[in-house]
Amino acid sequence: MSLKISLKAGERLFVGGAVVQNGQTPCDLLILNDVPLLREKDILNEDEASTHCRRIQLCVQLMYMDTPNLSGYQKKYAQLVEELLVAAPSTAALVAEINHHLAFGQYYQALKSAKRLVAYEEELIRHVQSA
């Protein structure tokens, strides 16, 4: 099954370890096999990982994008999740969802679940700040 990606002029894309940048005009790419793929706008940079859940998202993203170093990211992820569950037990269902995807090697789906965890964290922070 192929995946069609439409890129804007100058837009970058991470494809299986390579960063691809589009030229000056929009284009369509067909990805014909299963490889890690993220648009530049969806990539969380290390300096943006300023909260606990964002650091978890970064670990999951790196598991997806940098498989040669998977075991190191898995260890860091486990540590972060353990700390999170102690500090915020209400995140357990979201963490379980991420863990389910990771257990089956579904890193892209795990990354989407990690983004939901970050959204939940942001909601908790807004609630605390408004109280």
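We did not get these values from a lab; they are worked out from the coordinates using the rules stated. Bear in mind the structure is a predicted one, so any value in this text is a computation, not a measurement. Backbone-built Cβ (ideal geometry, glycine too); neighbour counts: all protein chains shown.
The stretch 15-84: D in µm²/s via Stokes-Einstein (Kirkwood Rh, Cα pairs, 20 °C, 1.002 mPa s)?
Working: Rh = 13.8 Å.
Translational D for this selection: 155 µm²/s.
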Practice item. Using θ = phi - 60° and the Karplus relation 6.51 cos²θ - 1.76 cosθ + 1.60, list the HN-Hα couplings for the stretch 89-99 in order, rounded to whole Hz, with x at every Gly or Pro. Key: x, 5, 8, 4, 5, 5, 5, 4, 4, 4, 4
Practice item. Using +1 at the Cβ of each Lys and Arg and -1 at the Cβ of each Asp and Glu in the stretch 46-130, identify which of 130, 114, 88 lies farthest towards the dipole's positive end. Key: 114
Check your understanding: If you work out percent of Cα pairs over 17 Å apart from the coordinates, which of (1) 62; (2) 58; (3) 73 do you get?
Key -> (1)
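Normalised by the empirical 2.2 N^0.38 Å for globular proteins, what value does the Cα Rg of the stretch 3-42 take? Before the final figure, lay out each step's value.
Details: Rg = 9.6 Å, N = 40, 2.2 N^0.38 = 8.9 Å.
Taking the Cα Rg and dividing by 2.2 N^0.38 Å, one obtains 1.07.
Among 56-64, 119-127, what's the highest-first ranking by average C-beta atoms within 10 angstrom per residue? Intermediate results must be reported in sequence, preceding the final value.
Working: 56-64: 24.0, 119-127: 12.9.
Per-residue mean Cβ counts within 10 Å order the peptides as 56-64, 119-127.
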Review point. What angle, in degrees between 0 and 90 and rounded to the nearest 10, separates the Cα long axis of helix 70-87 from the longest principal axis of the Cα atoms of the chain?
Key: 40
Review point. Sorted by mean Cβ packing within 10 Å, highest first, what order do the peptides 98-111, 25-38, 68-81 take?
Key: 98-111, 68-81, 25-38
Check your understanding: Put a dot 7 Å past each Cα toward the Cβ at residue 12 and residue 28; how far apart are the dots in nm?
Key -> 2.6
Exercise for review: Using the Cα centre as the reference, give the magnitude of the dipole from point charges on the C-beta atoms of the chain (Lys, Arg: +1; Asp, Glu: -1; all else neutral), rounded to the nearest 20 debye.
Suggested key: 160
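Suppose R0 equals 41 Å. What FRET efficiency, 1/(1 + (r/R0)^6) with r the Cβ-Cβ distance, do residue 79 and residue 128 give to the nearest 0.05? Walk me through the intermediate numbers first.
Numbers: r = 24 Å, r/R0 = 0.59.
Efficiency for this residue pair is about 0.95.
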Review point. On the first, second and third principal axes, largest extent first, how far apart are the outermost C-alpha atoms of the stretch 61-119 in Å?
Key: 32, 20, 18
Study note, to complete from the structure: Applied in sequence order to the stretch 15-28, the curve 6.51 cos²θ - 1.76 cosθ + 1.60 (Karplus, θ = phi - 60°) yields integer Hz couplings, x standing for Gly and Pro, of 10, x, x, 10, 9, 10, 10, 6, x, 8, 10, x, 8, 10
Review point. Karplus couplings for the stretch 117-124 from phi (6.51 cos²θ - 1.76 cosθ + 1.60, θ = phi - 60°), rounded to Hz, Gly and Pro as x?
Key: 4, 5, 4, 5, 4, 4, 5, 4
